[in-house]
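See below for the structure under consideration.
The values are calculated or read from the model by the stated rules, or taken from the named source; none is laboratory data. All figures in this text were calculated on a predicted structure; none of them were measured in a lab. Here Cβ is always computed from backbone atoms with ideal geometry, including for glycine, and neighbour counts include all displayed protein chains. Surface accessibility is based on the protein's heavy atoms, side chains included, excluding ligands, DNA and RNA. Shrake-Rupley method; radii C 1.70, N 1.55, O 1.52, S 1.80 Å.
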Amino acid sequence: HLTSFFVSRYKDIKMEAVLAGLGAALGFAALHAANDFVFKPQDLGCLCPPLGAVAVLLFSMPAAPASQPKAVIGGHIIAGIVSYAIVELGIPYGELAAVATTITLMSALGVTHPPAGAYAFLFVNKGMKPIGIFAPGLAGALVLIAVQQVFLKVKLILLAGKVKGAAEKLKKK
């Protein structure tokens, strides 16, 4: 019985890993579609490296505090505003100031989201313009959140069907 427990648990873990990868793939497909059909025509974008880390959190750790929409959105808003101010003020070692200030404010406001720290670094390092507060970081994160929310709902519906089917099999025995 112990062996079957571990085999069953291993299969569940493997399925969760596959589903996390599938969710991330769907999220990035949506990001590319949004980028090509919504943002590029406006001379904007919604793709940037920190979104890879956002996808890891959203799809493989959906219950983590850093994966909650409030943290993802709040973290990116803070990173964008702080980083824009640092770029505008021309603060030396701007990446240091942006990341440290972003971490401090996210922590103080209860919206810690590690990829937002990476976005703060990217923003200052690239000397982004004011639109950088919204795109690509926050805009891309919003697309990923939308996909994640739909994906989680579908996953719950499928899981409920699986549980219902297993319960019906047990009743027949």
Open item on the list: So, PRO92, is that one closer than 23 Å to ALA17 by Cα and open to solvent by 50 Å² or more (accessible area, probe 1.4 Å) or not?
Closed with: no
Task: Search result, residues across region 78-135 that are in a helix (DSSP H, G or I) and either on the phi > 0 side of the Ramachandran plot or charged (D, E, K, R) (or both) - done: GLU88, GLU95, LYS126
Task: region 95-104, residues that are open to solvent by less than 70 Å² (accessible area, probe 1.4 Å) and aliphatic (A, V, I, L, M) - done: ALA97, ALA98, VAL99, ALA100
Open item on the list: Being over 28 Å from LYS40 (Cβ atoms), more than 21 Å from the chain's Cα centre (by Cα), in a helix (DSSP H, G or I) and basic (Lys, Arg) narrows it down to one residue among LYS70, LYS171, LYS153; which is it?
Closed with: LYS171
Open item on the list: Of everything in region 70-85, what is open to solvent by 20 Å² or more (accessible area, probe 1.4 Å) and touching a residue at least 60 places away in the same chain (Cβ under 8 Å)? Give them in sequence order.
Closed with: ILE73, ILE77
Open item on the list: Considering only residues that are open to solvent by 30 Å² or more (accessible area, probe 1.4 Å) and either in contact with a His (Cβ under 6 Å, 6 or more places away or on another chain) or of a type in the set (Gly, Ala, Ser) (or both), which ones fall in region 37-51?
Closed with: none
TODO: May I ask you to list pairs of residues, at least six apart or on different chains, whose Cβ atoms are under 6 Å apart, with the first in region 88-100 being over 16 Å from PRO130 (Cα atoms) and the second being open to solvent by 50 Å² or more (accessible area, probe 1.4 Å) and part of a helix (DSSP H, G or I)?
DONE: GLU95/PHE121; GLU95/ASN125; VAL99/PHE121
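The rows are residues; the columns are (1) in contact with a Leu (Cβ under 7 Å, 6 or more places away or on another chain); (2) crowded, with 20+ Cβ neighbours inside 10 Å; (3) touching a residue at least 60 places away in the same chain (Cβ under 8 Å).
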site: VAL111; (1), (2), (3): no, yes, no
site: GLY117; (1), (2), (3): no, yes, no
site: ALA120; (1), (2), (3): no, yes, no
site: VAL124; (1), (2), (3): no, yes, no
site: LYS129; (1), (2), (3): no, no, no
site: GLY132; (1), (2), (3): no, yes, no
site: GLY137; (1), (2), (3): no, yes, yes
